[in-house]
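The values are calculated or read from the model by the stated rules, or taken from the named source; none is laboratory data. The structure presented is a predicted model; accordingly, all values stated were derived computationally and were not measured. Every residue, glycine as well, gets a Cβ built from its backbone with ideal geometry; the counts of neighbours run over all protein chains shown. The area values use the complete protein model at the heavy-atom level, side chains included, leaving out ligands, DNA and RNA. Shrake-Rupley method; radii C 1.70, N 1.55, O 1.52, S 1.80 Å.
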Amino acid sequence: MPASPSSAAAPSRWVLVGYAAILLVLAALAAYHNTFRVPFLFDDTPSILDNPTIRHLGDLKDVLLPGAGYGITVSGRPMVNLSLALCYAMSGTHVSSYHTLNLLIHILAGLTLFGIVRRTLMEAGSREPGGALSASEVAPRSSLLPAPYSQLLRRDAAPLAFTVALLWILHPLQTEAVTYVIQRTESLMGLFFLLTFYCFIRAVSSPRPWPWRVLTVLACLGGVGTKEVAATAPLLVFLYDRTFVTGTFREAWRRRRWLHLSLAATWVPLALLVASTEWNRGGTAGFNVGVSPWAYWFTQFEAVARYLKQALWPHPLTFEYGTFWMGFWDAAPFALIVLPLAAATMVALLRWPVAGFLGAWFFAILAPTSVVPGTIQMIVEHRMYLPLAAVIAGAVVGLHAALSRLPKPAAAGVPPRRRFWAVLRRPLLPCLALALPLGLLTEQRNGLYGNDLALWRQTVAQSPASAIAQSSLGTALYLRNRLREAMHHYLISLHLNPNRALSHYNIALAYAALGHLPKAVAHYQESLRINPRFYPAHYQLGLALILMNRPQEALAQFAETVRLMPTMAEAHYEWGVALAKAGRLTEAVDQYQAALRLNPDFVDAECDLGAALYQLNRAPEAVACFQRALRAKPNLADAHFNLGLALARTGWTEQATAQYAEAVRLDPAKAMAQFNLGIALAQAGRVAEALGHLQKAVELEPAFAEAHYNLGVAFAKTSRLTEAVDQYQAALRLRPDYASAHYNLGHALLQLHRVTEARQHFEAALRIDPHFEPAREMLERLQTAPLDP
C-alpha cells in the first residue's frame with residue numbers, strides 16, 4: 001500500500017535536520033580550524049597551569065571543590081574545574097585537548113540552539129486559537145501570530161533555526177568564549193543553559209515527560225555549577241512556559257509548578273558555591289569589594305551598548321576594555337540607548353510576548369554581571385555568548401516576517417524587482433550570505449589569538465589605559481625573556497592602577513629574573529598587602545627569600561601558601577627544601593611526602609626525600625626513593641649518585657659502584673661522582689682504574705682537599721711516591737688540620753728516606769689528633785732511626 005503523506009514526510013524531515021546538523025558542525029570546524037594551536041592566555045595561567053586541583057582526576061573532592069584562592073576563574077565552579085581536570089588527564093598542559101573540548105562544547109551548544117529554535121517555531125506555528133499544542137497541552141489563549149504567518153513559520157522552522165544557529169556559531173563575538181580556554185566557563189554554562197530549555201521543551205511535548213523533566217533539572221544544576229549567571233535559567237524557563245506553551249503565568253504554574261520549583265531549588269547549591277568564595281569571588285565581585293555600586297552600574301550602560309553594537313557590527317573586537325568608572329553624565333548617552341530598549345522589553349512582555357521574551361533573554365542573562373559590581377573587568381565580550389542568540393533570532397525571524405509580506409514570485413503583475421525579493425524570503429539568503437564573512441572574521445580572530453604578543457599589542461593599541469592589557473603585554477614579553485620591555489609595561493600598568501596586586505606581582509617576577517631580589521621582595525610584599533590571599537605571591541616571595549639566605553622568613557611564606565592552597569604540591573616541596581636547609585630534616589620529610597601524595601610523579605620531591613632520609617640514617621628508605629625517581633627519569637645523574645651513596649651505606653658496595661659509574665657516564669663533569677667512583681674502585685682493589693677518576697675529580701674541583709688526599713693514597717699504592725707527596729701537600733695547603741694527610745705524607749716521605757720531614761708530619765698529625773695511634777707508633781719507631789743528612 002502507498003505510504004500515507006504523514007509517514008512519508010517524517011523521514012525526509014529528519015534527514016533534512018540531520019543534514020543541517022552536519023552543516024553546522026562543518027561550519028564550526030571551518031571557522032575554528034586554527035584554534036588548536038592557540039596558547040594559554042591571561043587567566044589560563046592561574047586557572048590551568050598553576051591550578052593543582054586539576055592534576056589528579058581521581059581525587060574528586062579537590063576537583064569539585066577548588067579553593068577560593070584569590071578569585072581565580074574556577075573558584076566555586078566545580079563543573080569548570082572538572083572539565084579542566086579531564087583535559088589535564090588527556091594532555092597535561094598541552095593545549096590540544098583543552099581547545100578540542102572548548103570547540104566541542106560550542107558545537108553542542110549550537111546544535112542545541114538549533115533544536116530549541118526549530119521546535120519553538122514549529123509549536124508557535126501550530127498554535128491555532130484555542131487549538132491543541134500537543135497531545136497533552138491545550139493552549140488557553142489565542143495564537144500569538146497571524147494564522148497565515150503561523151503556517152509559513154511552521155513550514156520554514158528548520159531553515160530559520162539553521163540560519164539562527166549558523167550565524168550564532170560563526171559570529172566572531174563568540175571567539176573569546178571558545179578560543180580563550182578558561183572562558184569555557186561561559187560556553188559550558190551556555191551549553192547547560194540551552195540544554196535546560198531543550199529538555200524543558202521536550203518535557204512539554206513528550207507523552208512520557210518525566211525523564212525529560214529530570215534532565216531539565218540536571219542540566220540546570222550543571223549550569224549553576226559552571227557559572228553564577230545560570231541563576232536566571234529558572235526565571236527564563238518560566239517565562240518561556242508562559243510565552244510559548246501555556247499563554248499565562250497562572251496556567252504555567254498550575255501545570256508544572258513542581259518542575260518550576262525544582263528549577264528554582266537549584267539556587268540553593270548555587271548559594272553554597274557562592275558562599276565558598278566568601279560571597280565575593282575572592283574579593284573580585286560583590287557588594288563588599290570596595291567598589292561603588294553606582295559607579296559600576298553607570299559603566300554598564302556603555303557595556304550593554306557596546307555589546308549590542310558588536311553583535312550587529314563585530315569590528316573591532318577587543319580582548320580587554322580596561323577598568324573604568326563612569327559618572328551620571330558620562331553614562332547618559334549610553335543610557336539613552338539602553339533604557340528605552342529595557343522599557344520596550346517590559347512593554348513587549350505584556351503586548352508582544354515573543355519579542356518580550358527575546359528582550360528578557362538578552363537583559364536577564366546580562367543582569368548578574370551587570371548588577372553585581374566587579375573589580376577587574378567592566379566590559380568583556382564573552383558575556384554575550386548567550387544573549388547573542390536573542391539578537392540573532394530576533395533579526396532572522398523579524399526579517400523572515402518582513403519578507404513574508406511580499407507577493408509570491410508567480411503573482412500576476414508583480415514587478416521583477418519585487419519578485420526577486422520574494423524569492424529570497426524562504427531560504428533567507430540575506431541572512432545566510434552573512435555566514436561567510438562572519439566565519440572569515442572568526443578565523444582571522446583565532447589567528448590573532450594564536451600569537452599572544454600580537455594579541456596584547458593590538459589590545460594595548462585599542463585600550464592603552466587598561467592596566468590589565470599593559471600588564472598582559474608585559475607578561476608576553478617576559479615569557480620571551482625581553483625583561484626590560486616587560487618591566488616598561490608592568491610599570492605603566494602599576495601607574496594606571498596602583499592597587500592591583502597582580503601588577504606588583506608581575507613587577508616582582510621581572511625584578512627577580514633581573515637579579516634584583518630586594519626590589520622583588522618589596523613588590524611581593526606590596527602585592528600581599530593588597531590581597532593577603534594571593535598565594536602565588538606568598539610562594540614566589542618564599543623562593544626569593546631562600547635565594548637571599550633568609551630561610552626562616554621563607555618558611556612562613558611557604559606555610560601560608562600551603563594554608564591557602566593545600567593541594568599545591570610545589571609549595572609543600574619548597575617548604576620541605578627550606579626546612580632541610582634549616583636543619584629540620586624530620587619536618588622536611590613530612591612536606592616532601594605531602595608533595596608526593598599530591599603529585600606521585602614529582603621526581604624532585606622524591607630525590608630530596610631520599611636525601612633527607614639518607615641524612616637521617618634511614619638508608620633503605622632512601623634507596624627506595626632514589627629507585628622510584630630513576631624509574632620515572634633514568635637519566636638523572638644526581639639520583640644515580642645519591643642511590644650509590646645510600647647503597648654503600650646499606651653494604652651493597654658493588655651496586656653502589658655501578659651507580660657511581662652511571663652517574664659519571666651521564667655527567668662526567670660531576671666531581672663528587674668521579675671521586676666516589678674512584679674511592680669505590682680503589683677499595684675493590686682496582687687502583688689503576690681508580691686513579692683516572694680521582695685525577696678527574698681533582699681537575700674538576702682543585703680546592704677539594706679529600707680528592708687530593710685520596711689521589712695521593714692511590715699514587716702511593718702504585719708506588720708513585722713523588723706524585724703521592726705532591727697530592728698530600730696539596731690537600732694540606734687546603735686543609736692544614738688534615739691529620740690523615742699529615743700521617744700519609746709522613747709515611748711517603750719516610751719511604752723516600754726523608755726522615756726529618758716525615759717525623760715533622762707524624763708530630764703534626766699527633767698534635768691535631770692526640771689519639772692518632774698510628775702516628776704515635778711511627779714516632780716511637782723513629783726514636784732509634786738515624787737522621788738523614
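Couple of notes before you dig in:
- Rounded percent of accessible protein surface that carbon and sulfur make up, the chain, 1.4 Å probe: 63
- When the inverse distances between all different Cα atoms of the stretch 571-623 are averaged and flipped, the Kirkwood radius reads 10.4 angstrom.
- Accessible heavy-atom area order of Leu388, Leu64, highest first, probe of 1.4 Å: Leu64, Leu388
- Mean shadow area of the stretch 540-683 over all directions, Cα convex hull, nm²: 8.6
- Only protein heavy atoms count here; under a 1.4 Å probe, Ile116 has an accessible surface of about 20 Å².
- Contour excess over end-to-end distance, with Cα ends at Arg754 and Thr718 and 0.36 nm allotted per residue: 11.0 nm
- Ellipsoid fit via the Cα gyration tensor, the stretch 226-304: semi-axes of 31, 18, 8 Å, each the root of five times an eigenvalue, largest first.
- Sum of -39500 (n - 2.57) over DSSP H runs of 4+, divided by residues of the chain (222 nm, nearest 500): -22500 deg cm²/dmol
- Averaging 1/r across all pairs of distinct Cα atoms in the stretch 485-584 and inverting the result yields a Kirkwood radius of 13.6 Å.
- Between the amide H of Ile379 and those of Tyr321, Gly322, distances stay under 5 Å, these residues lying 5 or more places away or on another chain, with hydrogens modeled in the peptide plane.
- Debye log10 I(q)/I(0) at q = 0.17, 0.27, 0.29, 0.30 Å⁻¹ for the stretch 495-548, Cα point scatterers: -0.42, -1.00, -1.12, -1.18
- Distance distribution P(r), the stretch 692-733, all Cα-Cα pairs, bin width 10 angstrom from 0: 39, 56, 5 percent.
- Debye equation applied to the C-alpha atoms of the stretch 195-252, log10 I(q)/I(0) at 0.15, 0.25 Å⁻¹: -0.42, -1.01
- Computed Rg/Rh of the chain, alpha carbon atoms with Kirkwood Rh: 1.18
- Site pair Gln729 and Leu341 shows an inter-label distance of 9.3 nm when each label is modelled 7 Å from Cα along Cα→Cβ.
- Sequence-distant contacts, meaning Cα pairs under 8 Å at least 6 residues apart, place the relative contact order of the chain at 9 percent.
- Gln525-Lys581 pseudo-label distance in nm [points 7 Å out on the Cα-to-Cβ vector]: 1.8
- Three-way shape call for the stretch 451-513 based on the alpha-carbon gyration tensor, with the a/c threshold at 1.5: oblate
- The stretch 659-789: projected area of the alpha-carbon convex hull, averaged over directions, in nm²: 8.1
- Shape call, the stretch 338-399: gyration tensor on alpha carbons, a/c limit 1.5: oblate
- Average projection area in nm² (convex hull over Cα atoms of the stretch 246-352, one quarter of hull surface): 10.2
- Length-normalised contact order for the stretch 291-341 - Cα pairs under 8 Å, 6+ apart - percent: 58
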